[in-house]
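K.L.:
Please see the structure below; I have some questions.
Please treat every number below as a calculation from the coordinates, not as lab data. Treat the numbers as computed from the prediction; the structure is a model and nothing was measured. All Cβ positions, glycine included, derive from the backbone under ideal geometry; neighbour counts span all protein chains shown.
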Amino acid sequence: MNYSVVVPLAVLLIAVTLASAWLYLSLRRLRSRYAPIINLDVELGRLSDELVRMKRERQEFSSENERQRTQLTQEYQRGRVTYENLKREISLLEENLEDISFGLYKPHYNFETSEQYKQRLEALRDRERLLIRGGLAATCPVKWTVGGSQKEGERMAKQNTKLLLRAFNGECDAALAKVSWNNIVQMEERIHKSCEAINQLGTVMKVTIAQDYLRLKVDELRLTHEYEEKRHQEQEEQRRIRQQIREEEKVQREAAKVREEAEREESRFQKALEKARLEASHAAGEQLQEINDKMRSLEAQLEEARKQKERAISRAELTKSGNVYVISNIGSFGEDVYKVGMTRRLEPMERIEELGDASVPFPFDVHAMIYSENAPELESSMHELLNDRRINLANPRKEFFRVSLDQIERFANSKGLKVEFTKLAEAKEYRETLAARKADVPVSVQAQEQYPASLFANSDRVGS
């Protein structure tokens, strides 16, 4: 055998076999790897089914989400309504000075005196008693029978009617006892709610509070409130009149004091003048000249004393004469806040000093002092001009206005009043306080000696 030929052929055959096996395996790997691409229809079908499944799941999720959202929204709305109703119900029972959410009360009656309100209240309560006695305050249209007895049925209905009326009257009395300026509308609502609740309790027996009786109770509440308000106004007016009388008496005392002093001065100067005249009758030369000079001085002083007495008498007789003042207190009330008031005192600054007493932290500054023979009329006209600038709209006796000083000055000029206005407020103590705070000044040793040590326990600096 020729081995030189057989061996190469065998090697070639083995190589071909190995190459074929490698190619086969490589082809299988490639087929496995790219099978999705090779079989596109199958892969596209699978992807389409997967997409349909995902869309269906998303739709189901969206539907469930929308259903839950709608359910939560409805639950929230129901809860919100319940909360608002409960809040309103609670507010009918609470007494909160800052809560005027039910609105401001508008008076239904315009009687001029509290006595007229009192008479109207008595007449209204008489009508309530008539409705109760006549069986018209609460009604029961059903003719009940108990054990076949109509009489017993009537007695049962009457007892239930009496029970409901007693409960309703108790609620109304509680509202009347608590009614005030800031809850009158609230109390009206409370009476209506009480009537509804009590009528609900009477549904089984068909017993209800009559609308006429409900209206009388609401009217009684309004009348009671307005009666108390009118009494308060009358008391305030009486206090104002007493204060005015005291002020008038003080003015008269001041005028009498000035007149007495002027009369004493007049008498003193008169006696001194008579003595000087007697001395002049016996004097001559330089001594006479000195006495004449002294007499002229005494005559001038005597004339001034007489004028002072006449002014005091005239001022006492002119019951409307006085001074209208324009003052500010920037340390207490801030910039552009002015008090426009009137005083009839001979020394008007005494009144300004009284206003700056311990009730305010700083004294007032005077911007103008306007004398008028009819000071009340001038003050009233100035208040009318500045009415829309009032700080306190509820009490017109509070004479503070937020206005510029130029506007007040223009009004004074329009009235032909020659008044010199001081534009800049000195505010001495206020500005010294600001400076002390800015400089971080410690509390003085004198203050610590004058006041208890406990006062400075937590602070040793001005404005702390």
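K.L.:
Length gain on complete extension for the stretch LEU136 to GLN200, per 0.36 nm per residue less the alpha carbon to alpha carbon distance?
P.N.:
Computed gain between LEU136 and GLN200 is 21.2 nm.
K.L.:
Still on this structure, please answer the following. Might you report the magnitude of the Cβ-based charge dipole of segment 179-221 about its Cα centre, with Lys and Arg at +1 and Asp and Glu at -1, to the nearest 20 debye?
P.N.:
160 debye
K.L.:
Kindly give the semi-axes, whole Å and largest first, of the ellipsoid equivalent to segment 238-368, taking each as the square root of 5 times a Cα gyration tensor eigenvalue.
P.N.:
In descending order, the three semi-axes are 45, 18, 11 Å.
K.L.:
What is the dipole size for segment 114-235, taken about its Cα centre, with +1 at each Lys and Arg Cβ and -1 at each Asp and Glu Cβ, in debye to the nearest 20?
P.N.:
Here the size comes out at about 560 debye.
K.L.:
Collect residues whose amide H, placed 1.01 Å from N in the peptide plane, falls under 5 Å from the amide H of MET342; neighbours closer than 5 in sequence don't count.
P.N.:
Correct list: TYR325.
K.L.:
Between VAL16 and LEU288, with labels modelled 7 Å along Cα→Cβ, what's the label distance in nm to one decimal, could you check?
P.N.:
18.3 nm
K.L.:
Further question on the same structure: What FRET efficiency would be calculated for the residue pair LYS55, LEU23, taking the C-beta separation as r and a Förster radius of 60 Å, to the nearest 0.05?
P.N.:
Once the sixth-power term is evaluated, E becomes 0.85.
K.L.:
Long-range amide H contacts for ALA138: which residues qualify at under 5 Å (H placed 1.01 Å from N, peptide plane, sequence gap of 5 or more or a different chain)?
P.N.:
Long-range HN contacts for ALA138: ALA210.
K.L.:
Let me ask you something else. Which distance in Å, rounded to a whole number, links the C-alpha centroids of segment 114-153 and segment 59-85?
P.N.:
Between the Cα centres of segment 114-153 and segment 59-85 lies a distance of 48 Å.
K.L.:
While we're looking at this one, here's another question. Between GLN159 and ASN395, how many nm apart are label points set 7 Å from Cα along the C-beta direction?
P.N.:
Computed distance between label sites GLN159 and ASN395 equals 5.5 nm.
K.L.:
So how strong a dipole does segment 252-317 carry about its Cα centre when Lys and Arg Cβ are +1 and Asp and Glu Cβ are -1, to the nearest 20 debye?
P.N.:
I would put it at about 280 debye.
K.L.:
Which FRET efficiency value, to the nearest 0.05, is calculated for ASP357 and THR113 with the Förster distance at 41 angstrom and r the Cβ-Cβ distance?
P.N.:
The calculated FRET efficiency here is 0.75.
K.L.:
List the lysines whose alpha-carbon lies under 17 Å from that of LYS294, not counting same-chain residues fewer than 8 positions away?
P.N.:
LYS271, LYS275
K.L.:
List the residues, sorted by chain then number, that are 5 or more residues from VAL146 or on another chain and whose placed amide H is less than 5 Å from its amide H.
P.N.:
Answer set, sorted by chain and number: GLU152, GLY153.
K.L.:
Provide the gained length on full extension for the span ARG215 to SER380, in nm with one decimal, where the gain is 0.36 nm per separating residue minus the Cα-Cα distance.
P.N.:
55.2 nm
K.L.:
Treat each spin label as a single point 7 Å out from the Cα along the C-beta direction, and report the ARG166 to SER267 distance in nm.
P.N.:
About 8.1 nm, to one decimal.
K.L.:
Let me ask you something else. Using a Förster radius of 30 Å, what is the FRET efficiency between LYS143 and ALA174 based on their Cβ-Cβ separation? Nearest 0.05, please.
P.N.:
For LYS143 and ALA174, the calculated efficiency is 0.35.
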